[in-house]
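Step one of this worksheet: look at the structure below.
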Amino acid sequence: MRFKTHACVAALILSGGGTAGADQSVQADDQASPRPAILFNRWQEDWSVLADPRVPREPLDNLKYISLSADDPKTYLSLGAGLRERFEANDATSFGVGTNRNQDYVISRAEVSADLRVAGQFQFFIQLQKENAFDKKTLTPVDQDRLDLEQAFIALVEPLAGGTLKVRLGRQQFGFDLQRFVSVRDGPNVRQSYDAAWIDYEHGPWRYITFYSHPVQNRDLRPFDDHSNNQLTYGGFRVERQIMNSASLSAYISRFTQDGARFPGAQGNERRDIVDVRFAGTKGSFDWDVEAMNQAGRIGLEDIEAWAFGSLAGYTLRGIPWTPRLGIQVDASSGDRNLTDNRFNTFNPLFPNGYYVTLAGYTGYVNFIHVKPSVMVHPLANLKLMGAVGFQWRETTADAVYTQPDIPVAGTVGHPGRYTGTYGQFRADYILNSHISLALEVVHFAIGDVIRGAGGHDSNYVGAEIKYGW
């Protein structure tokens, strides 16, 4: 669940997961630099500004900035911590198919970090995590994890040929754009980490990224047992171009491999070659974000031909109270059209963020068509309210209805009824101060006949969250 202003979201989108070793020099004029904000990616924070005695102080600042050099304010150690507590009530996990057990529980995420910087060029960042799911009866790998290593990487920033080269090696987190398909997975309890090599070169409006990773798989058997291996890999090359400071165009090619994959229409070793293009920006009161992805390759003995499309657009009425934004979201992804041929069309959402449709996770970005009008208002500068109605269908009735991220609902494969259901969503985000934020999300999903025929029923979700960052 996100607790960020639009500015923070935009910063994450443009960073593609962020840049290491940001260079925010202490100003030489009479005006002190502002205090750093608590960021989505904690390793992006630069606390060297606390070397300036004019910067406003808070308790424990002696731990946020521990100087390691009397001559260089950019050489320091910084400590950090974060806590997220969320109460969730869900009366129909997977629409009640296979279980009608109501669940009321609390998920808790605690993180501590240490960030060592040397001369503004070298960085060593380490972050530990511990997640608990209190009273949750059905646990998944993203619900709970004993004390483990969330991130541990070294990073180097060097000027090169008029631009900036940035390299990160080790366990890290990254996401692209709105994180539809490649994300940090902040919605569920356990975030997604990658054992990866990341190289980033920025020159003027251009940015070039190449990366290779083994996505970390979470286990909850004992402390420090999360792992990665060569049975699951993801890597690629990406190009970004900033256009007139108000829009960005990006494209990337990547390869996803997974041994022993299982879908309703195919199973075996999965190899997907991926092409993704995105265009996003603002023009006056309009904003938009459009992305398309194509996947080809093989799974077992079948050829993969899959695709997805995602779009968000809105118009902000700036001249009236509460500055309402009228939004529309249209998404689609392919499903397998024939279970008996040698072509496999089910889209793989890769590493979705868990909140792009709703936080309830009733449907995933697989074999679906999704239309969602919304209204967002700001009664207060630090309060955001959003209401929406979503309409969903299957792209093909030959394939299943899927829940988040790509779990098929039993009894829906090949059954008639393209209409999946309609849901209502209400969300409130409140920024209490620079350290604490609150959120509430309520979802009611009225199911279609195909889910009802499988034994499902209408579903309700409530999530209430408090988040603290230091």
Pairs, first farther than 24 Å from Ala155 by Cα and modelled with pLDDT under 85 in the range 21-40, second part of a loop (DSSP other than H, G, I, E, B) and small (Gly, Ala, Ser), C-beta under 8 Å, six or more apart: Gln27/Ser33
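Condition test on Gln295, is it part of a strand (DSSP E or B), more than 26 Å from the chain's Cα centre (by Cα) and either under 30 Å from Gly235 (Cβ atoms) or not polar (S, T, N, Q) (or both)? Give the derivation first.
On the way: part of a strand (DSSP E or B): yes; more than 26 Å from the chain's Cα centre (by Cα): no; either under 30 Å from Gly235 (Cβ atoms) or not polar (S, T, N, Q) (or both): yes.
For Gln295, the condition - part of a strand (DSSP E or B), more than 26 Å from the chain's Cα centre (by Cα) and either under 30 Å from Gly235 (Cβ atoms) or not polar (S, T, N, Q) (or both) - is not met.
Is it true that Val389 is touching a Lys or Arg at 6+ places or on another chain (Cβ under 8 Å), within 29 Å of Asn367 (Cβ to Cβ) and exposed (fewer than 15 other Cβ atoms within 10 Å of the Cβ)?
yes
Here are some residues: Tyr315, Tyr356. Which one is assigned to a strand (DSSP E or B), aromatic (Phe, Trp, Tyr) and more than 17 Å from Pro408 (Cβ to Cβ)? Outline the logic, then answer.
Numbers: Tyr356 fails: assigned to a strand (DSSP E or B).
Tyr315 is the lone residue from the list that is assigned to a strand (DSSP E or B), aromatic (Phe, Trp, Tyr) and more than 17 Å from Pro408 (Cβ to Cβ).
Those residues that are hydrophobic (A, V, I, L, M, F, W, C) and either touching a strand residue (DSSP E or B) at 6+ places or on another chain (Cβ under 7 Å) or more than 23 Å from Gln258 (Cα to Cα) (or both), I need them from the range 181-216; list them, please.
Applying the first criterion (hydrophobic (A, V, I, L, M, F, W, C)) to the range 181-216 yields 181-182, 184, 190, 196-199, 206, 209, 211, 216.
Hits for the range 181-216 are Phe181, Val182, Val190, Ala196, Ala197, Trp198, Ile199, Trp206, Ile209, Phe211, Val216.
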The range 230-245: number of residues that are modelled with pLDDT of 95 or more and of a type outside the set (D, E, K, R): 9
Matching residues in the range 172-206 - criterion: being within 10 Å of the chain's Cα centre (by Cα), among the hydrophobic types (A, V, I, L, M, F, W, C) and either under 16 Å from Trp43 (Cβ atoms) or part of a loop (DSSP other than H, G, I, E, B) (or both): Phe174, Phe176, Leu178, Phe181, Val184
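Please state which one of Gly98, Gly120 is within 30 Å of Ile407 (Cα to Cα), in a loop (DSSP other than H, G, I, E, B) and of a type outside the set (Val, Ile, Thr). Before the answer, list the steps.
Numbers: Gly120 fails: within 30 Å of Ile407 (Cα to Cα).
The unique qualifying residue is Gly98.
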Breaking point among (1) closer than 20 Å to Ala292 by Cβ; (2) without any contact (Cβ under 8 Å) to a residue 40 or more places away in the chain, for Asn229: (1)
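Given the options Gly80, Gly96, name the one that is touching a residue at least 24 places away in the same chain (Cβ under 8 Å), over 20 Å from the mean Cα position of the chain (by Cα) and within 20 Å of Ile466 (Cβ to Cβ).
On the way: Gly96 fails: within 20 Å of Ile466 (Cβ to Cβ).
The match here is Gly80.
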Given (1) small (Gly, Ala, Ser); (2) modelled with pLDDT under 95; (3) closer than 18 Å to Ala332 by Cβ, index of the condition Gly421 fails: (2)
Selected residue (criterion: surrounded by the most Cβ atoms within 10 Å (Cβ to Cβ)) from residues of the range 207-245 that are among the aromatic types (Phe, Trp, Tyr) and part of a strand (DSSP E or B): Phe211
Test: residue in the range 345-358 that is more than 19 Å from the chain's Cα centre (by Cα) and closer than 28 Å to Pro141 by Cα: yes
Arg262, sole failed condition from (1) out of contact with any strand residue (DSSP E or B) (no Cβ under 7 Å at 6 or more places or on another chain); (2) closer than 23 Å to Thr340 by Cα; (3) in contact (Cβ under 8 Å) with a residue 24 or more places away in the chain: (3)
Residue satisfying all of: in the range 370-386; within 21 Å of the chain's Cα centre (by Cα) and surrounded by fewer than 19 Cβ atoms within 10 Å (Cβ to Cβ); farthest from Thr323 (Cα to Cα) among these: Val371
Odd one out for Phe445, checked against (1) outside any loop (DSSP other than H, G, I, E, B); (2) more than 27 Å from Val190 (Cβ to Cβ); (3) in contact with a helix residue (DSSP H, G or I) (Cβ under 8 Å, 6 or more places away or on another chain): (2)
Tally of residues being in a strand (DSSP E or B) and either β-branched (Val, Ile, Thr) or at positive phi (or both) across the range 51-95: 1
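Please count how many residues of the range 408-442 are part of a loop (DSSP other than H, G, I, E, B) and either under 30 Å from Leu380 (Cβ atoms) or not polar (S, T, N, Q) (or both). Don't jump to the end; show me each part of the working.
Taking the range 408-442 as the starting set, the residues that turn out to be part of a loop (DSSP other than H, G, I, E, B) are 409-418, 432-435.
Subset that is either under 30 Å from Leu380 (Cβ atoms) or not polar (S, T, N, Q) (or both): 409-411, 413-418, 432-435.
Summing the residues that are part of a loop (DSSP other than H, G, I, E, B) and either under 30 Å from Leu380 (Cβ atoms) or not polar (S, T, N, Q) (or both) in the range 408-442 gives 13.
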Search result, residues across the range 382-404 that are basic (Lys, Arg) and part of a loop (DSSP other than H, G, I, E, B): Arg394
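Among the listed residues Thr99, Thr138, Thr75, which satisfies the condition of being of a type in the set (Ser, Thr, Tyr) and touching a Gly at 6+ places or on another chain (Cβ under 9 Å)? If you could, list the steps in order and put the result at the bottom.
On the way: Thr99 fails: touching a Gly at 6+ places or on another chain (Cβ under 9 Å); Thr138 fails: touching a Gly at 6+ places or on another chain (Cβ under 9 Å).
After ruling out the rest, the residue left standing is Thr75.
The values are calculated or read from the model by the stated rules, or taken from the named source; none is laboratory data. Given the structure is predicted, the values throughout are model-derived calculations rather than measurements. No Cβ is skipped: glycine too gets one built from the backbone with ideal geometry, and neighbour counts run over all protein chains shown.
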